[in-house]
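The values are calculated or read from the model by the stated rules, or taken from the named source; none is laboratory data. Because the structure is predicted, anything quoted here is derived from the model rather than measured. Backbone-built Cβ (ideal geometry, glycine too); neighbour counts: all protein chains shown.
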Amino acid sequence: MHRTWYDLFWAEWLGVLGFLITLGGFGVALRRLRKLRLAAEAARDASLLTSREVAAKQVAVLVPQLIWLADELDSSIETNDRTLTRHYLYNWRWQAGHVHGLLPDSGTRGESLKRNLQDSIGLAFTATTALMEGKRPVLDACKRARESIGTSLNDLSLWVGQESAHSTERIK
């Protein structure tokens, strides 16, 4: 006996119906997975944005401390105080290192800021060593470090202003 496709027993029709329902469920599951993936990507992006904004706010809080340190360093250099100058150079290295860790790795602006800070930290160490040797006047021992610190502070101040403006734009 030869049967056509529509000559199925009721149990066979239930199997076909079950297969179609399974395909529909699979389609629904794929759509939900796609939505879930998009939601996960949005959450990741929001997390990255938030962590960047938090880091920028931390840097914004630390920049006035760095400015104060640079000002105190200038005063100690003017008074030719080796011990106090070494103290402020050490504090600069510590604070600038902390700020360095908060800055973003990506983008030429972030890389430039980090490089300038790293240079100022290295030159502050070199100046500290020269001060300890005591062979050169305080100003001569610290001149390159102080110039690098000034460059870093200028760049950091501009970066904080730009990040603050971007943060305000994102809120709107």
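Looking at ASP45, is it over 19 Å from ALA127 (Cβ atoms) and loosely packed, with under 10 Cβ neighbours inside 10 Å? No, not satisfied.
All conditions but one from (1) surrounded by 13 or more Cβ atoms within 10 Å (Cβ to Cβ); (2) over 33 Å from the mean Cα position of the chain (by Cα); (3) in contact (Cβ under 8 Å) with a residue 24 or more places away in the chain apply to LEU8; the one that does not is (3). Could you tell me whether segment 26-33 includes any residue that is loosely packed, with under 11 Cβ neighbours inside 10 Å and among the basic types (Lys, Arg)? Checked segment 26-33: at least one residue is loosely packed, with under 11 Cβ neighbours inside 10 Å and among the basic types (Lys, Arg). So which of ALA60, ALA40, ALA124 ends up being assigned to a helix (DSSP H, G or I), among the small types (Gly, Ala, Ser) and under 14 Å from GLU163 (Cα atoms)? From the options ALA60, ALA40, ALA124, the qualifying one is ALA60.
No other residue among THR50, THR79 is under 30 Å from GLU163 (Cα atoms), of a type outside the set (Gly, Ala, Ser) and either at pLDDT below 90 or out of contact with any Leu (no Cβ under 8 Å at 6 or more places or on another chain) (or both) apart from THR50.
Residues in segment 56-73 that are touching a Phe, Trp or Tyr at 6+ places or on another chain (Cβ under 9 Å) and under 19 Å from CYS142 (Cβ atoms): LEU66, LEU69, ALA70, GLU72, LEU73. Just one of the listed residues (LEU113, LEU123) is surrounded by 15 or more Cβ atoms within 10 Å (Cβ to Cβ) and more than 15 Å from LEU158 (Cβ to Cβ), and it is LEU123.
Say whether the condition of being surrounded by fewer than 17 Cβ atoms within 10 Å (Cβ to Cβ) and in contact with an Asp or Glu (Cβ under 8 Å, 6 or more places away or on another chain) is met by at least one residue in segment 58-81. No: zero hits.
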